[in-house]
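The values are calculated or read from the model by the stated rules, or taken from the named source; none is laboratory data. Quantities reported herein were computed from a predicted structural model and do not represent experimental measurements. All Cβ positions, even for glycine, are placed from backbone atoms using ideal geometry, and neighbour counts span all protein chains on display. Keep in mind that these areas ignore ligands, DNA and RNA; they rest on the heavy atoms of the full protein, side chains included. Shrake-Rupley method; radii C 1.70, N 1.55, O 1.52, S 1.80 Å.
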Amino acid sequence: MAKKTIIDAITKLYSKLGGNLSDVLGTRSNVNFMGTGKSSEPFLDMDLNIEALGALSQSKAVNELKSAVGFATADKLNDIQAGKLLTNMMKMDEFYNPPVVTNITDLATGTKDLDAQGLESLRTKVLPDEKKSALMSRLDEIVKKKQTEAAAAKTTPFDEAVEYNARPEDVIQNLVDQKFGVGYFDNVGESTAKRGSAREFLVNALKKENPNETTFADIVDAVDVRAITEGGGGAAGDPLALVDKYFGPRIVEMLPSGASSEEIAIFTERVLTKVRDASGLRPSDPKFDRMTARFVEDFARGGLAKILEV
């Protein structure tokens, strides 16, 4: 059976093209697995003829997909068949939903990030009649060049397979990544190693005691203490979220990933003694501004140089 990420991509694209998922879910559940040979569904074995789409309405073309997508949602396809189906659907999507050319800069006014429609509107409003013709011709050439370059840059995963002899499953994964972005169907956040470092850092910070001044343990919320020491707490109790809450995003970025206990202990001591905000306050101060947190060695010169003397 094909990978779940491929099937997810097929169903998402089917909906985008205007297909109704309720028409295909479970429609092929009573059919045996189709195997590796040729099938009765051309979308699974043959390349889509883009020119032929010009003779079909989008609804008619999507209707032709219904049977093949039904096999996909019923887990009746292997990776090769599902990959061919997804490739053909991507071609159909590009035909019916062509990408909009953006990021055009109007040379006459310096206006950036225009699309073709916005550019035409701008030219109509601000350009003298004698300059419109030459600029329109030039800008039309730029638009056509960008479209040509974009089309020439596109290669299908199967082209890559021929050139690099990649495994079919890797080719299909690349296809999904190209269409929807790397990790589109993943729910993976920060690395486990960095999250573990964050938890150990927070535990170490809680243990630090100083009878002469306020400590981290004095300012942290009780519910957060429980999340640090016992776990849980949902997204708000995530160790990385808690480091950001009390120490700021810069400290989150500098957390060592997969560090040893000794390294975390050194990092904890450095944060608690060497980090200041823009007013010179330590993280253990209730008024500490986490958004301006910096290590004191970052302030080599300037108005905050006196912090180095603290």
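Relative to the current alpha-carbon distance between residue 192 and residue 266, full extension at 0.36 nm per residue lengthens the span by 24.6 nm. In terms of accessible area, using a 1.4 Å probe and ignoring ligands and nucleic acids, 90, 254 rank largest first as 254, 90. Within the accessible area of region 46-85, what % is carbon and sulfur when the probe is 1.4 Å and the other protein chains stay in place? Summing carbon and sulfur atoms, their accessible area is 51 percent of the total for region 46-85.
The mean accessible area for residues of region 201-249, using a 1.4 Å probe and ignoring ligands and nucleic acids, is 53 Å² per residue. Compared with the direct C-alpha span, the chain from residue 218 to residue 4 gains 72.2 nm at full extension, assuming 0.36 nm per residue.
For region 225-298, trypsin sites (Lys or Arg not before Pro) are listed when DSSP marks them as loop and at most 14 other Cβ atoms sit within 10 Å of their Cβ; the list is 287. Does region 186-279 classify as rounded, prolate or oblate by the C-alpha gyration tensor (a ≥ b ≥ c root eigenvalues; a/c under 1.5 gives rounded; else a/b over b/c gives prolate, otherwise oblate)? Since a/c reaches 1.5 and a/b is larger than b/c, the shape of region 186-279 is classed as prolate. Projected label points at residue 23 and residue 52, each 7 Å from Cα along the beta carbon direction, are separated by 1.9 nanometres. Annotation for residue 60 and residue 225: the two label points, set 7 Å from Cα along the Cα-Cβ direction, are 7.3 nm apart.
Segment residue 144..residue 274, full-extension length gain: 41.2 nm, with 0.36 nm per residue of separation and the alpha-carbon distance subtracted. Element breakdown for region 240-300 at a 1.4 angstrom probe: carbon and sulfur atoms account for 52% of the accessible area.
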